[in-house]
Amino acid sequence: MRFKFPLMAIALEVAMIVLFGLFVQYETDQNIRQPPSSSNSTEVNRFFELYPLFQDVHVMIFVGFGFLMTFLKKYGFSSVGINLLIAALGLQWGTLVQGILHSHGKKIHIGIKNMINADFSTATVLISFGAVLGKISPLQMLIMTIIEIAVFAGNEYLVAEIFMATDIGASMTIHAFGAYFGLAVAGVLYRPGLRRGHDNEESVYHSDLFAMIGTLFLWIFWPSFNSAIAEAGDKQYRAVVNTYFSLAACVLTAYAFSSLVEHRGKLDMVHIQNATLAGGVAVGTCADMAIHPYISMIIGSIAGMVSVLGFKFLTPVFATKLRIHDTCGVHNLHGLPGVVGGLAGIVAVALGASDMSTPAMQAAALGSSIGTAIVGGLIAGLILKLPIWGQPSDQNCYDDSVFWEVPRWREHDHHFHEHNGHNHLEPEL
Amino acid sequence: MRFKFPLMAIALEVAMIVLFGLFVQYETDQNIRQPPSSSNSTEVNRFFELYPLFQDVHVMIFVGFGFLMTFLKKYGFSSVGINLLIAALGLQWGTLVQGILHSHGKKIHIGIKNMINADFSTATVLISFGAVLGKISPLQMLIMTIIEIAVFAGNEYLVAEIFMATDIGASMTIHAFGAYFGLAVAGVLYRPGLRRGHDNEESVYHSDLFAMIGTLFLWIFWPSFNSAIAEAGDKQYRAVVNTYFSLAACVLTAYAFSSLVEHRGKLDMVHIQNATLAGGVAVGTCADMAIHPYISMIIGSIAGMVSVLGFKFLTPVFATKLRIHDTCGVHNLHGLPGVVGGLAGIVAVALGASDMSTPAMQAAALGSSIGTAIVGGLIAGLILKLPIWGQPSDQNCYDDSVFWEVPRWREHDHHFHEHNGHNHLEPEL
Amino acid sequence: MRFKFPLMAIALEVAMIVLFGLFVQYETDQNIRQPPSSSNSTEVNRFFELYPLFQDVHVMIFVGFGFLMTFLKKYGFSSVGINLLIAALGLQWGTLVQGILHSHGKKIHIGIKNMINADFSTATVLISFGAVLGKISPLQMLIMTIIEIAVFAGNEYLVAEIFMATDIGASMTIHAFGAYFGLAVAGVLYRPGLRRGHDNEESVYHSDLFAMIGTLFLWIFWPSFNSAIAEAGDKQYRAVVNTYFSLAACVLTAYAFSSLVEHRGKLDMVHIQNATLAGGVAVGTCADMAIHPYISMIIGSIAGMVSVLGFKFLTPVFATKLRIHDTCGVHNLHGLPGVVGGLAGIVAVALGASDMSTPAMQAAALGSSIGTAIVGGLIAGLILKLPIWGQPSDQNCYDDSVFWEVPRWREHDHHFHEHNGHNHLEPEL
C-alpha cells in the first residue's frame, strides 16, 4: 500500500517525459528575440518582455497559493508541500493538454505564453485543492490534478475558440471553474463524521501569519495575473490599472464588512486573508476593457463585500444543508467573485466596453465554466472515492503527521499533543 | 460605537470612487506602448519598462513594511493587516492628491509613475505608523492616512515644483517626513501610563523571524525604490548602483556597531531588522548623482552606524525626556538616516555632483520636509486625540485581541495567557 | 575578545571602500541605455533589460538561502542574519576580485552583469555556510567569505578563460565548488564531541515552515539564476525553459523517493526543502544548450532522486565514517547534483548540443572546480581553526543565544528551556 503514492508519482513523471519527447519543442530561433528595428511585436517574440510578469504569476502559484493555505495549525507542511507537488505536475500536464488543443496537430513550441498558461492551469487545481484541503491524500491529489487540468483545458478551449468569449483575467475559466469543481468533489467526498467540525480545523496565531505571506503575494502580483496574456498595448495596460484599483477598493470593503458581521466589531483573519483578494478575481473578465478605473473600484468593492458575507453566512449553510464542506472557503474567494466577474463581463460587453464579444457569448462562457466544472468535479469525486486510492480517516483529517515525518520534538509541543498511536489511515498511504 | 470603523471605511471608499469618477482617466492609447522604431522614449510610454520596478516597490510596501512590524509578540495581525488596509486606502488617496497637484487642472491620466508615486505616498504613512504602532486604533489610522498623505503631497509639491530640489530616493520627502510626522503624532498621543513599558512590547523568537521577511524584501528591492522614478539612462542606472553598494556597506557597520554597543558583544535583532536598511534611506537624495560608488558606500556605512547608535542611545531619551515613544524606532531607521541623506545631498550638490539643484534649494527642501512633517503631525495628533475616534486603553496596547478575533486556542497558548475579561477599549472600537 | 568581530567587520568595510575608490567606476554614459533605433544589443547596454533577472537572483541570495537555513529550531536568527552579513560583504568583495581578474588591468565598470556575478560569488559562500551552519562564529564566517570568494574567482577565471568551458548555470563553478569547499572546511573543523548529534540540531514545526519560504523562492527564481548571464536570444531563452521543466520534473521524483525511503511511506521535510531544488542545480551546465525539454526533465528527475538518496544514505556515512558533518546536507543539494550537472554537460557537448566547448574542456572544468574547492577548503579550514578567531563550544552549537540577544521571554518558552548559565563560548566572541 505504501508504494502507491511514490510509484504513481514516478509513473506520471515518466509519462510526462515521454509525452514531452513526442510533442514538445523549443520555440524556433528567430522568434525569441525581437529585433529592435522591427515593429511587428508578435506574441512569440515577446519572451523576455513578458518574463517579469510570468515570474510574478509563478510567485503567486507557489508562494501565494502555498502559504495562503497554511492557516491550519497542523497542516502547514501539506499545504505548502502538496501545493508544490501538484503545481509541478500540473504545469507539465497543462503545457501538454493546452498545447495539444491549441496547436492543431502541430508540435507544441514552448513560448512564454505557454509557460504562463501552464501556471494558470495549475491555479485551477490549487483552487479546488482549497475546498478539499486536509481531507484527501497526496495520491488523490495527483489523480485530481490529471483529471481537472484536462477538463479545464477542454472548457478553456470551448470558451476561447468556440464561444469566442473574452475572459482575460479568467474570472470564469479559472476562478469560478476551480471553485465549483472543488465544491463538487467536496460534495461527493462529504464526511458525515466531521459534521460538527474537527479539533484540527482551526488556526494558531503564527499559522495565521504564515497565511498572510500567501495573501500579500497574491494581492501584490494580481495585476500581473490579469494582464500577463493580454494583448500588448492598451489592453494590457488597462488590465494592470483596473486590477490595481479594484484590489485597493476591495480591501476597504472587506475590512468594513468583516468588522460589521463579527462579534463586537472585531476583524476576522479569515476574511482578511481571503476577501481582500476577491477584487482581483471579480475584475478579471473585464480587466482589459475600457471600463474606467472607478468602475473597477466598484466591482472590487462589491467583491470584497460579497466575499465576506459568503464566509459569514453561506459557508455554514453549505456545510450543513448542502453537505459540501469547503475547508478554505474557495466559494467565497473564487466562486462568488468569479460569478460576479462573469456577470460584470456580460454587462460590460452589453454596454460596449469591448467589441470582441457579445453578451450571449459571455453568458455561454459563464454557463459552460460552471457547468463543466460541476460535471467534471462530480466525476472526479466519484473516481477519487474509489477505495484503491485510500484516504485519511475522519480523525486523521487536517493532520500533517499522517503524511509527513513531523519533527521528533512533537511530544513536547502544544500543537501536537496526541499520542503517536492515534494516526490511522484507511487504507494506508 | 462598533460601527464607526466600518462606516468610516465604507464612506472613504465611496468618496474615492466618486473622486476617481470625476478626476481620473486611463492614459490615452498612443502613449502606452512605445513603437520600437521611435527613439523618443518619453515618460508616459514606458509603462511596461518600469512595471518590474513598480512591482518591486509594491512588494516593499505590502510585504516589506507589513512584516517588518510583526516583531511584536502579540501584534502581528495588526501590523501586517492594518498595513494592508492603510496602504490600500493610501494608494487611492495618493493617486488623487498627487495627481490633482501635478495635473494643473486637467484630468489625471494613470501612468506607471502615478502608480509608483501612489505607492510612495503610502510609504510615508507606513513609516509614521511605526511610531504609533500598537497604541492607536484602525479607525485612527484611517484618519491619519487621509491627513498625512494630503500634507505629504503638499510638501512634495513644494520641494519638487517650488524649491525645485532633487530628492530621487526621497530621503527627505518620504523618510524624514514620515518619521517626524509620526514622532509628532506620537508626542501628542503620549501615554504617561506606559512610561515604564508594557509587557506586550517585546518580541518572541518567531515574531523576530517574521520581521526579517520584511527586512529582507525591503533590503533587496531598495535599489528599485530609489531608481523607479529616476530619469531613464545614466541617472536611473546610478540610482540602482549607488543604492546597492550603500546597502551592502551599511550591513557591515550595522552588525559591527550592534555588537559594539550590546552586552558582551552580542547582536541585537532590532538593529539587524532596521539599521541594515538605513543605507537605502541615506543614499536616497544623492542616489542618481555621479557621486562615485565608494562615496555611496561611505554614506551607507555612516547610516548603519548612526542608526544603531540611535536605537541604543536616542530612543530611550526620546521616550523618557521628550515624552515621545517610538514603537518601531522609525527615528533611527527613517528620521536620522533621512537627515543624513538630506545633508549628503546638500554637500553633493555643492561639490557639483548634480547641476539640477543648488545647496540652498536642497537645504530648503530638507527644512520644509521636517518642518511640514512636525507641524502636520502635531495637528494630526490633536485631531486623533479627539474622543470621538476612541483609542485602546493603556493595558490594551500592542494587543491584537482588541481588534481581531484571535484563534480560540489562545487560552492554551503561552503567548496569550491573559484572561478574556481583561480587554478594555475606551471608548469601544 | 568581544571586540574582534566588530573591529574585523569595520576593517573589512574600510578596506572595501578604499579598494572601490581605487578600482571601481560607473559604467560610462553611452552604454547604459540602448538607443531603440540601434540593433546591436551588446552586453553593456542591457542594464534594465536584465534588471528583473538580477532582482530574481537577489531574492534567491537573501531570502532564498537565508530562510532555507532557518529549519533549525534555535538557529533562525543566525541563519537569516549571518546569511545577510556574509552576502553583503561577499558582493562587495566579489565585485572586486572578479572585476580585477576580468578587467585586464583596467578600471572595473559596474554593469548589471557585474552585479549578477557579485551575487553569484556570494552564493558559493552561502552554500559552504550550510555545511558548517551552527558550528562556527560570525567572525569565522567573515574570514571564510574573504578566502572562499578569492578562490572561487580564481577557479571561475580558470574555467571560463583558460579551459574555455561552458557552465552557464554554474553547476560546477558555484554549486559543486561551494559544496566541496564547505565539506572540506567541515572536515577540518570536525567535532568528535558532536559525533552523536546535538539536542539543538533538529527542527520544530514552524522552523520547517520558515525554511519553505527559502525553498520556494529559490525554486521559483532558479530559471533566472541559470539564464541571467546567458547570451541574449536563443540561449537565454533555452536556459529559462530547460530550468523550468527540470525543476518541475525534479519535484515529482523528490517526493516519490522521499516517500520510498522513509518509514511507512511518509514524506520528509528535509527532502522537500532541498531535493526539490536539485533539478535547478543539475541542469545548470547544459541549461542554455539545445538539449530538448524532455532531456532537461530527465536530468531533473535524476537529480531529485540522487539528492534524496544522498540525504538518506550518504550524509550519515559522511558524518560517521568520513568525519565530515554537513549540517544542511549541501552535498546532496549542491555537491552531487552539481557533479551530475557537470557530467551531463560533458555528455551534451560530446553529443553536439553546444559547439562552444569540448568534452575535455568540460571535464577539466569539473575537475578544476572540485579540486580547487577541496584544496581551498582545507586551507580555509586550517586558517579558521586558528585559536585567535574563537569558535562556539560543542554545547553551544546551533544556538542563537551565543551570538544574539534572544528575547527575554525565553525562560517561558518551550524551545528555550535551558538555564541561562549554560552558554559558554571558547574563547569569547
Q. Can you name the number of the only condition in (1) in a loop (DSSP other than H, G, I, E, B); (2) open to solvent by 10 Å² or more (accessible area, probe 1.4 Å); (3) away from chain B (no Cβ under 11 Å) that A:Gly169 fails?
A. (2)
Q: Could you check, for segment B:213-224, whether at least one of its residues is closer than 20 Å to B:Val132 by Cα and touching a residue at least 40 places away in the same chain (Cβ under 8 Å)?
A: yes
Q: Sort through C:Leu247, C:Leu252, C:Leu277 and tell me the only one that's farther than 27 Å from C:Ala165 by Cα and either among the aliphatic types (A, V, I, L, M) or not in a strand (DSSP E or B) (or both).
A: C:Leu252
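Scan A:Ser369, A:Ser354 and give me the residue that is closer than 17 Å to A:Ala170 by Cα and within 20 Å of the chain's Cα centre (by Cα). Spell out the reasoning first.
Details: A:Ser354 fails: within 20 Å of the chain's Cα centre (by Cα).
Criteria check complete, one pass: A:Ser369.
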Q.
I need a count of the residues in segment C:236-249 that are facing another protein chain (nearest Cβ under 8 Å) and open to solvent by less than 10 Å² (accessible area, probe 1.4 Å).
A. 9
**Q.** Only listed residue being facing chain B (nearest Cβ under 7 Å), at pLDDT below 95 and touching a Phe, Trp or Tyr at 6+ places or on another chain (Cβ under 8 Å), chosen from A:Gly265, A:Gly233
**A.** A:Gly265
Q. Do we find a residue being touching a Leu at 6+ places or on another chain (Cβ under 9 Å), of a type in the set (S, T, N, Q) and closer than 30 Å to A:Met115 by Cα anywhere in segment C:193-204?
A. no
Q | Condition check for C:Gly94: at the interface with chain B (Cβ under 10 Å from one of its Cβ atoms), at pLDDT 95 or above and open to solvent by less than 10 Å² (accessible area, probe 1.4 Å) | A | no
Q | Those residues of segment C:330-347 which are under 16 Å from C:Gly169 (Cβ atoms) and open to solvent by less than 10 Å² (accessible area, probe 1.4 Å), in sequence order | A | C:Leu333, C:His334, C:Gly335, C:Pro337, C:Gly338, C:Gly341, C:Gly342, C:Gly345
(Q) Taking the condition of being within 30 Å of B:Thr28 (Cα to Cα) and either without any contact (Cβ under 8 Å) to a residue 24 or more places away in the chain or open to solvent by less than 20 Å² (accessible area, probe 1.4 Å) (or both), how many residues in segment A:301-329 meet it? (A) 3
Q) Within segment A:200-221, can you find the residues that are under 16 Å from the mean Cα position of the chain (by Cα) and either part of a loop (DSSP other than H, G, I, E, B) or of a type in the set (S, T, N, Q) (or both)? A) A:Thr215
Q: Among residues belonging to segment C:201-230 that are within 11 Å of chain A (Cβ to nearest Cβ) and among the polar types (S, T, N, Q), point out the one that is most open to solvent (accessible area, probe 1.4 Å).
A: C:Ser203
Q. Which of the residues belonging to segment A:308-351 are part of a helix (DSSP H, G or I) and under 16 Å from the mean Cα position of the chain (by Cα)?
A. A:Val330, A:His331, A:Asn332, A:Leu333, A:His334, A:Gly335, A:Leu336, A:Pro337, A:Gly338, A:Val339, A:Gly341
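Counting just the residues of segment B:122-164 that are among the charged types (D, E, K, R) and within 17 Å of the chain's Cα centre (by Cα), which one comes out nearest to B:Val375 (Cα to Cα)? Quick ask: steps written out before the conclusion?
Step one: of segment B:122-164, the residues among the charged types (D, E, K, R) are B:135, B:148, B:156, B:161.
Narrowing further to those that are within 17 Å of the chain's Cα centre (by Cα): B:148, B:156.
Numbers: B:Glu148: 11, B:Glu156: 15 Å.
Out of the qualifying residues, it is B:Glu148.
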Q. Among A:Gln362, A:Gln391, which is the only one that is open to solvent by 20 Å² or more (accessible area, probe 1.4 Å) and touching a residue at least 40 places away in the same chain (Cβ under 8 Å)?
A. A:Gln391
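Restricting attention to segment C:268-300, and to residues there that are among the β-branched types (Val, Ile, Thr) and open to solvent by less than 10 Å² (accessible area, probe 1.4 Å), which single residue is farthest from the other protein chains (Cβ to nearest Cβ)? Give the derivation first.
Filtering segment C:268-300 for residues among the β-branched types (Val, Ile, Thr) gives C:270, C:272, C:276, C:281, C:283, C:285, C:291, C:295, C:298-299.
Retained after the next criterion (residues that are open to solvent by less than 10 Å² (accessible area, probe 1.4 Å)): C:272, C:276, C:281, C:283, C:285.
Numbers: C:Ile272: 5, C:Thr276: 7, C:Val281: 16, C:Val283: 14, C:Thr285: 18 Å.
Among those that are among the β-branched types (Val, Ile, Thr) and open to solvent by less than 10 Å² (accessible area, probe 1.4 Å), it is C:Thr285.
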(Q) Going residue by residue through segment A:190-199, is there one that turns out to be modelled with pLDDT under 95, open to solvent by 20 Å² or more (accessible area, probe 1.4 Å), of a type outside the set (Ser, Thr, Tyr) and within 23 Å of the chain's Cα centre (by Cα)? (A) no
Q.
Looking only at segment A:250-262, filter to residues that are open to solvent by 10 Å² or more (accessible area, probe 1.4 Å) and hydrophobic (A, V, I, L, M, F, W, C); which one of those is nearest to the other protein chains (Cβ to nearest Cβ)?
A. A:Leu260
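Quick one: would you say A:Ile32 is at the interface with chain C (Cβ under 7 Å from one of its Cβ atoms), crowded, with 18+ Cβ neighbours inside 10 Å and at pLDDT 95 or above? Full working, then the answer.
Details: at the interface with chain C (Cβ under 7 Å from one of its Cβ atoms): yes; crowded, with 18+ Cβ neighbours inside 10 Å: yes; at pLDDT 95 or above: no.
Answer is no for this residue.
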Q) Which condition breaks for B:Gly352 when tested against (1) within 19 Å of B:Met164 (Cα to Cα); (2) within 11 Å of another protein chain (Cβ to nearest Cβ)? A) (2)
Q) In segment A:46-60, how many are away from chain B (no Cβ under 11 Å) and under 21 Å from the mean Cα position of the chain (by Cα)? A) 4
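The values are calculated or read from the model by the stated rules, or taken from the named source; none is laboratory data. Quick caveat, the model's predicted, so the values are computed rather than measured. Cβ: placed from backbone, ideal geometry, glycine included. Neighbour counts: every protein chain shown. All accessible areas refer to the heavy atoms of the entire protein, side chains included, with ligands and DNA or RNA removed. Shrake-Rupley method; radii C 1.70, N 1.55, O 1.52, S 1.80 Å.
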